[in-house]
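S.K.: Sharing a structure, written as structure tokens. Questions coming.
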């Protein structure tokens with residue numbers, strides 16, 4: 001079993017910073033403007049949000065953690081380099097890959113580019129599988145372990161859209177998925193329109209969505225990642241497009257693992273209290 005986890009932490013937190021600017025001069029807003037959102041401190045222990053993500057990964061059985069960071073901020077690398085030996089992270093090893101922000105852009109080139117940057121920096125993962133996910137969602141131990149143990153070529157968590165615990169207007173932007181009767185992904189659409197959502201609704205009224213957590217095969221994905229085009233409107237190389245390329249090439253290329261549970265999402269300043277209530281329900 002390949003216990004590899006890649007966490008995409010190279011984003012510039014533009015939506016969080018926009019909400020912090022609108023908030024004004026509160027201490028929380030100042031912190032949100034000063035550091036990436038996954039490094040915002042939560043709870044009485046003032047631990048970064050990403051710590052709790054890593055605790056779940058540790059408990060799910062992951063060991064090698066590759067953090068994708070951008071070339072404009074050192075906070076993630078500095079923190080996890082300094083704390084790598086802490087007892088709380090026992091069993092985890094950290095490494096880092098830089099996703100550069102190209103000249104003329106204000107943010108990185110997208111999630112497919114992030115994964116490609118990571119695999120280029122991690123040649124030891126050749127011939128192995130890895131799980132990849134966002135740094136601003138709190139995936140459960142159960143979700144992470146489901147993918148770690150999955151034996152298909154590739155897999156994703158197929159979340160029930162109504163279980164996520166996120167506002168409807170935000171859920172509407174999440175990628176919807178279509179799957180065959182035997183559970184293999186047939187298509188995935190980022191930021192779908194209402195017509196696409198209706199088409200993705202199954203006979204029980206369930207809409208499956210992706211929260212950007214996948215189990216992937218390095219050797220299969222590398223050539224597809226290199227060929228992933230820029231999205232014509234969003235001007236990014238999106239991992240969902242790479243996945244679409246995979247399932248067009250292989251009808252059994254990606255299995256969908258159904259799950260109904262909340263996934264805390266740290267996008268804007270108002271999410272912080274909700275996330276803290278989820279992590280610390282008795283405080």
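S.K.: Grab the DSSP H runs of the chain that are 4 residues or longer, score each as -39,500 (n - 2.57), total them, divide by all residues and round the 222 nm result to the nearest 500 deg cm²/dmol.
M.R.: -10000 deg cm²/dmol
S.K.: Another one. Between residue 141 and residue 235, how many nm apart are label points set 7 Å from Cα along the C-beta direction?
M.R.: It is 4.4 nm.
S.K.: If I take R0 = 51 Å and measure r between the Cβ atoms of residue 196 and residue 74 in this structure, what FRET efficiency does the formula 1/(1 + (r/R0)^6) give, to the nearest 0.05?
M.R.: Working from the Cβ atoms, E equals 0.80.
S.K.: Another question, then. Sequence gap at least 6, Cα distance under 8 Å: using those rules, report the relative contact order of the chain to the nearest whole percent. Each step should come with its number before you reach the end.
M.R.: Values: 523 pairs, mean separation 66.9, N = 283.
Worked out over the chain, it gives 24 percent.
S.K.: With each label point set 7 Å from Cα along the Cα-Cβ vector, what nm distance links residue 282 and residue 204?
M.R.: A separation of 3.3 nm, rounded to one decimal place.
S.K.: Whole angstrom only: what separates the Cα centroid of segment 231-245 from the Cα centroid of segment 36-77?
M.R.: Here the two parts' Cα centres lie 26 Å apart.
S.K.: Gaussian network model of the chain, Cα springs within a sub-10 Å range: biggest mean-square fluctuation belongs to which of 159, 52, 62?
M.R.: 52
S.K.: In square nanometres, what is one fourth of the surface area of the convex hull spanned by the alpha carbons of segment 87-220?
M.R.: 10.8
S.K.: Counting only the backbone N, which residues of segment 87-114 are under 12 Å from the spot 7 Å out from the Cα of residue 128 toward its beta-carbon?
M.R.: Counting backbone N atoms under 12 Å from the label point, the list is 93-95.
S.K.: Here is a further query. Would any residue of segment 56-73 have its amide N under 17 Å from a label point 7 Å out along Cα→Cβ of residue 120? List them or say none.
M.R.: Output list for this probe position: 67-72.
S.K.: Please list, in order, the residues from segment 262-279 whose amide nitrogen is less than 14 Å from a point placed 7 Å along the Cα→Cβ vector of residue 86.
M.R.: none
Only the coordinates and a few stated rules stand behind these numbers; no lab work does. For clarity, every value in this text was computed on a predicted model and none was experimentally measured. Glycine gets a Cβ as well: all are built from the backbone with ideal geometry, and neighbour counts include every protein chain shown.
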